[in-house]
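Here the structure is laid out as structure tokens; the discussion comes afterwards.
The values are calculated or read from the model by the stated rules, or taken from the named source; none is laboratory data. Since we're looking at a predicted model, the values are computed, not measured. Every residue, glycine among them, receives a Cβ derived from its backbone with ideal geometry; neighbour counts consider all protein chains shown.
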Amino acid sequence: MRRHWSESTTRKAPCSHTMLIALFSLCTVASAQLGKDWTQATSATAWSGRVAHSSVSYGGRIWLIGGQGSNAAEEVWYTSDGTNWNLATRQPSWRYAIGASLVVFSGKMWLIGGRRPLPANDVWCSVDGLIWTTATLHAQWSPRYDQTSVVYNGKMWVLGGTYADANGSRAFRDAWFSTDGVKWTSATLSAPWASPHSSVVYNNRIWVICSEGVWNSSDGTSWTLARKGPLPWDNPPYLYIVGREAVVCDGKIWVMGGETIMTTIGQSDVWYTTDGKAWTRATPSAGWTGRVGHAVVVFDRKIWVLGGFAPGWKGTQGRLLNDVWYSAMPTPSRHWRLYP
């Protein structure tokens, strides 16, 4: 019979001496704080400095695609540790990917829209990052770049974005969805939020974060205002911050980076929320350089910041970045405490 020990169990030894069974408790000791403490994985990756690239976690790797920079727009890179990067291809089926959106859906990576170099409305998919298949060259939504995309309720979504050419520019406020990347259906053509923005899926809703406020929706058509702008990090009229990137990690929405309008100062602060209304600043200044046009992805229980552009200030020249940083979720440590 298997003996089950209780907290007070003792056993009589053959020599009549009482043996005390030591009691232990398992303690969890928090390590680094997510969003506050950052570690540099590499100061200079194998890929060159770039801005407006796209990134996802797929197949046990971080993938980085395209961007604007030296030889960047047609590159596909991947890593399993954030430090050592491998080139999948410099000759994909598509031409250029600047300001494209990238999601994982139905066991594939999907590259959506962006500048190629003109704004596009094509959709491509791949299972290995090397071979890309056309889903459509002309989706039902207008050509655009800097849109955001999420996967929600069994569908891929395209939200907002910008179109610009020699005749002017236009910011979209629409939302479209698809189950196959070929046929796209409009959920709304007049959402209350603006572009540029960031978007995530959180608590079974789509969330959009922009300078006008924080919005969420369960169907992409009707949107609820969680918090009206200006947001806590803004200081109107001149210090609105745009270009923040958002992810969901550890049960919270996180936003980070960006630049101020007009003064174009790169930001490195990090904020989080559990309801879209109340925001907490994790750090006013992460270890990485303030930046915009960076990519943010969650992988291996960490938030990763990849590359971007550090704006110049007061006459200084801005620079493209190819560094990689991460902030890790606290790891429980097993410590045994002896009770006499």
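Against the conditions (1) assigned to a strand (DSSP E or B); (2) touching a residue at least 40 places away in the same chain (Cβ under 8 Å); (3) of a type outside the set (D, E, K, R), where does Phe172 fall short? Just the number, please.
Unmet for Phe172, out of (1) assigned to a strand (DSSP E or B); (2) touching a residue at least 40 places away in the same chain (Cβ under 8 Å); (3) of a type outside the set (D, E, K, R): (2).
Name the residues in the range 123-176 that are touching a His at 6+ places or on another chain (Cβ under 7 Å) and of a type in the set (A, V, I, L, M), would you? Break it down stepwise before answering.
Going through the range 123-176, the residues touching a His at 6+ places or on another chain (Cβ under 7 Å) turn out to be 148, 160.
Result: no residue meets the conditions.
Quick test of your reading of the structure: Ser285 fulfils all but one of (1) modelled with pLDDT of 95 or more; (2) in contact with a strand residue (DSSP E or B) (Cβ under 6 Å, 6 or more places away or on another chain); (3) farther than 21 Å from Val151 by Cα. Name the failing condition by number.
In the conditions (1) modelled with pLDDT of 95 or more; (2) in contact with a strand residue (DSSP E or B) (Cβ under 6 Å, 6 or more places away or on another chain); (3) farther than 21 Å from Val151 by Cα, Ser285 misses (2) alone.
Take the range 255-280 and flag every residue that is in a loop (DSSP other than H, G, I, E, B) and within 23 Å of Ala328 (Cβ to Cβ).
Gly257, Gly258, Ser268, Asp269, Thr274 - these are the residues of the range 255-280 that are in a loop (DSSP other than H, G, I, E, B) and within 23 Å of Ala328 (Cβ to Cβ).
Name the single residue that is nearest to Asn204 (Cα to Cα) among those in the range 229-257 being surrounded by fewer than 19 Cβ atoms within 10 Å (Cβ to Cβ), at pLDDT 95 or above and of a type in the set (D, E, K, R).
Among those residues, the one meeting the criterion is Lys252.
Would you point out the residue of the range 22-55, among those that are surrounded by 12 or more Cβ atoms within 10 Å (Cβ to Cβ), modelled with pLDDT under 95 and among the hydrophobic types (A, V, I, L, M, F, W, C), that is farthest from Met256 (Cα to Cα)?
Of all residues in the range 22-55, those surrounded by 12 or more Cβ atoms within 10 Å (Cβ to Cβ) come to 23, 31-42, 45-55.
If we keep only those that are modelled with pLDDT under 95 too, we end up with 23, 31-32.
From what is left, the residues that are among the hydrophobic types (A, V, I, L, M, F, W, C) are 23, 32.
Numbers: Leu23: 45, Ala32: 18 Å.
Once the filter is applied, the top-ranked residue is Leu23.
Is it true that some residue in the range 64-73 is touching a residue at least 12 places away in the same chain (Cβ under 8 Å), under 27 Å from Lys252 (Cβ atoms) and surrounded by fewer than 22 Cβ atoms within 10 Å (Cβ to Cβ)?
no
Looking at Thr263, Thr280, which one is hydroxyl-bearing (Ser, Thr, Tyr), surrounded by fewer than 21 Cβ atoms within 10 Å (Cβ to Cβ) and free of Cβ contacts under 8 Å to residues at least 40 places away in the same chain? Steps first, please.
Working: Thr263 fails: free of Cβ contacts under 8 Å to residues at least 40 places away in the same chain.
It is Thr280.
Give me a count of the residues in the range 144-156 that are touching a Gly at 6+ places or on another chain (Cβ under 7 Å) and free of Cβ contacts under 8 Å to residues at least 40 places away in the same chain.
If we filter the range 144-156 for residues that are touching a Gly at 6+ places or on another chain (Cβ under 7 Å), which is where we start, we get 144-148, 156.
Going one step further and asking which of them are free of Cβ contacts under 8 Å to residues at least 40 places away in the same chain, we end up with 144.
Residues flagged as touching a Gly at 6+ places or on another chain (Cβ under 7 Å) and free of Cβ contacts under 8 Å to residues at least 40 places away in the same chain within the range 144-156 amount to 1.
Could you identify the single residue in Trp110, Trp63, Trp47 that is within 18 Å of Phe309 (Cβ to Cβ) and aromatic (Phe, Trp, Tyr)?
After applying the criteria, what remains is Trp47.
Residue-wise test of (1) part of a loop (DSSP other than H, G, I, E, B); (2) buried (at least 22 other Cβ atoms within 10 Å of the Cβ); (3) free of Cβ contacts under 8 Å to residues at least 40 places away in the same chain; (4) among the aromatic types (Phe, Trp, Tyr).
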| residue | (1), (2), (3), (4) |
| --- | --- |
| Val158 | no, yes, no, no |
| Asp180 | yes, no, no, no |
| Ser186 | no, no, no, no |
| Ala191 | yes, yes, yes, no |
| Ile209 | no, yes, no, no |
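Take the range 249-269 and flag every residue that is more than 22 Å from Lys228 (Cβ to Cβ) and hydrophobic (A, V, I, L, M, F, W, C).
The answer is Cys249, Ile265.
Answer yes or no as to whether Ala226 is surrounded by fewer than 22 Cβ atoms within 10 Å (Cβ to Cβ) and either in a strand (DSSP E or B) or in contact (Cβ under 8 Å) with a residue 40 or more places away in the chain (or both). Talk me through it step by step, then tell me what you get.
Details: surrounded by fewer than 22 Cβ atoms within 10 Å (Cβ to Cβ): yes; either in a strand (DSSP E or B) or in contact (Cβ under 8 Å) with a residue 40 or more places away in the chain (or both): yes.
Yes; evaluated as a whole, the condition is true for this residue.
Evaluate the range 5-20: report whether one residue or more is among the acidic types (Asp, Glu), assigned to a loop (DSSP other than H, G, I, E, B) and either on the phi > 0 side of the Ramachandran plot or at pLDDT 95 or above (or both).
Step one: of the range 5-20, the residues among the acidic types (Asp, Glu) are 7.
In the following step, the residues that additionally are assigned to a loop (DSSP other than H, G, I, E, B) were identified as 7.
Filter once more, so that each one left must be either on the phi > 0 side of the Ramachandran plot or at pLDDT 95 or above (or both): none.
No.
Looking at (1) more than 15 Å from Gly276 (Cβ to Cβ); (2) under 20 Å from the mean Cα position of the chain (by Cα), which one does Leu231 not meet, given that it meets all the others?
Answer for Leu231: the failing condition is (1).
Conditions tested, residue by residue: (1) under 16 Å from the mean Cα position of the chain (by Cα); (2) of a type outside the set (Gly, Ala, Ser); (3) part of a strand (DSSP E or B).
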position	(1), (2), (3)
Ile253	yes, yes, yes
Ala282	no, no, yes
Val296	yes, yes, yes
Asn322	no, yes, yes
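Looking at the range 32-44, can you tell me whether even one residue there is more than 23 Å from Arg319 (Cα to Cα), of a type in the set (A, V, I, L, M, F, W, C), assigned to a loop (DSSP other than H, G, I, E, B) and in contact (Cβ under 8 Å) with a residue 40 or more places away in the chain? Give the derivation first.
Of the range 32-44, the ones more than 23 Å from Arg319 (Cα to Cα) are 32-37.
Adding the requirement that they be of a type in the set (A, V, I, L, M, F, W, C) leaves 32, 34.
Then keep just the ones that are assigned to a loop (DSSP other than H, G, I, E, B); that gives 32, 34.
Checking the rest, the ones that are also in contact (Cβ under 8 Å) with a residue 40 or more places away in the chain come to 32, 34.
Yes; the residues of the range 32-44 include at least one that is more than 23 Å from Arg319 (Cα to Cα), of a type in the set (A, V, I, L, M, F, W, C), assigned to a loop (DSSP other than H, G, I, E, B) and in contact (Cβ under 8 Å) with a residue 40 or more places away in the chain.
Before we move on, is Pro192 modelled with pLDDT under 95 and either out of contact with any Cys (no Cβ under 7 Å at 6 or more places or on another chain) or more than 17 Å from Gly35 (Cα to Cα) (or both)? Write out each step before concluding.
Numbers: modelled with pLDDT under 95: no; either out of contact with any Cys (no Cβ under 7 Å at 6 or more places or on another chain) or more than 17 Å from Gly35 (Cα to Cα) (or both): yes.
When the stated conditions are applied, Pro192 does not pass them.
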